[in-house]
1. Determine the gain in length on full extension of the stretch T389-Q292; use 0.36 nm per residue of separation and subtract their C-alpha separation, reporting nm with one decimal.
2. Figure the gain on full extension for I71 and D267 (residue separation times 0.36 nm, minus the Cα-Cα span) and round it to one decimal in nm.
3. In whole Å, what are the extents of the stretch 291-397 along the principal axes defined by its C-alpha atoms, from largest to smallest?
4. What's the extension gain from N283 to D355 if we count 0.36 nm per residue and subtract their Cα-Cα distance?
5. In nm, give the distance between the simple-model label positions of I119 and R146, each being 7 Å from the Cα along the Cα-to-Cβ direction.
6. Distance from the Cα centre of the stretch 175-201 to that of the stretch 284-338, in angstrom?
7. Which whole number in µm²/s is D for the stretch 206-351 by Stokes-Einstein, with the Kirkwood Rh taken over Cα pairs at 10 °C and 1.306 mPa s?
8. Normalise the Cα radius of gyration of the stretch 61-120 by 2.2 N^0.38 Å (N = residues in it) and let me know the number.
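Read the figures in this text as sums done on the coordinates, not as results from a lab. The model shown is predicted, which means the values in this text are computed figures rather than measured ones. Positions of Cβ are generated from backbone atoms using ideal geometry, with glycine treated the same way; all protein chains shown enter the neighbour counts.
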Amino acid sequence: MEPPSQGWTPPSDPTPPSSPAASPPPSSAYASPYVHPALQPHPPFGGPHVPPAPSRPPFNGLSIASLVLGIVCCLAPVGLVLGIVALVQVRKKGERGRGMAVSGTIVSLVMTVLLGIVIGTGGAGDFWDGMKGGFRDARENAARSRSTMDLRMGDCFDARGDGELAGEAVDVTVLDCSKPHDGEVFATLRIPRDGDFPGDPDVQSEADERCFGMMDDYAQDTWLTDTLPVYYYVPTRQSWRQGDRAVVCVFGRDPGQPKLTKSLRLDDSNLDDHQLTYLRSENAVWNILEEQPLDEFEDAEGEYRAWAERCSALMSGQASLLRRHEGWPAAAAGPVKDRAAQLDAAKRHWDRAADAQDWATFSTQQGLAVQALREPTEVAVRGALGLSTTPPDPYGDSDDESSGESSGDSAPDSSV
């Protein structure tokens, strides 16, 4: 029988005993017994006990109300009372909000004093009137705001921002035409197309042609409009998908120029028979003069002669129309007779231009025909009929008119 080994031999299996209360091995003078880590003593589960943090005192609600009401001038006295009560409650109950209560009390006190001064000096009525006026202006501005798609013929309006009409626009502010304004609608129309958006160039081209064709119907006194730019609001790709087909034609103003100050509308609705007869005659004369062919004379002699023949016929017809019209006012009868004679003289020069064989002869007769229509005579007729007597500058030249496209949910073109 073998003697027992010296000391204590650890078990081959490191698994700790199932019971933490196992008997210790016999003592030995040569080695300390091995104790498995799992059997080492541990502190109590969960660590040391930590008492809960004390809760924060509540915030005093009256201190908040005091500051808010102190800012509202008419309720400042209430804010002052609430501020004092809040200070008392904060001190007694230990609540938070002392700083806000102090601020509310001070603000309320200042506003209360100011309110007393206003009432004592009679300024309260003025203040209230000012507030009512501000509310009224706000309501009126909201009522005057209108989508560009909903503008109607005869509307005068201001564009948003700096008053620039060119570019995209969604809405404008409609004004009385007797007040300064940026633009005036002289025609509205619809593009008779369905399907996909035809593209900006097609839409703008149609708007340009149709708007310029309707100018004289609205403003028959072209002396008032010849130097004004024409804009038009047309559909954009986005608004087209929403069913927008509206084109709004607008008389506007160049950037930096003064606003328009009155309506430009002069048509059957506000002109008498004498004024209409004369203006229609003059418009017909100047419109046909703008039909001059664009090609060089040598490349389009036939077109130039045909144009001269049309001018001759129109001058003759307008002279007869002025003579046949009955009841001219006494002050206008003499100048109208002189104007008819000038139209006859212009006709004779156009007849010679129609027979010209070279550009020099044609251009000479063309110039004499235009010179025959004397501006002083036109001014005299206009003055006698109560029309504008200030010719556009340059006289009769509308080539400088700018047209544009503003888009928005409709767009004027100088690209409304």
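1. Difference between extended and current length: 32.2 nm.
2. Going from the current span to full extension adds 64.8 nm.
3. Over the stretch 291-397, Cα extents along the principal axes are 48, 30, 17 Å.
4. Gain on extension, N283 to D355, equals 23.3 nm.
5. 4.6
6. So the separation of the two Cα centres works out to 32 Å.
7. Result for D is 87 µm²/s.
8. My calculation over the Cα atoms of the stretch 61-120 gives 1.08.
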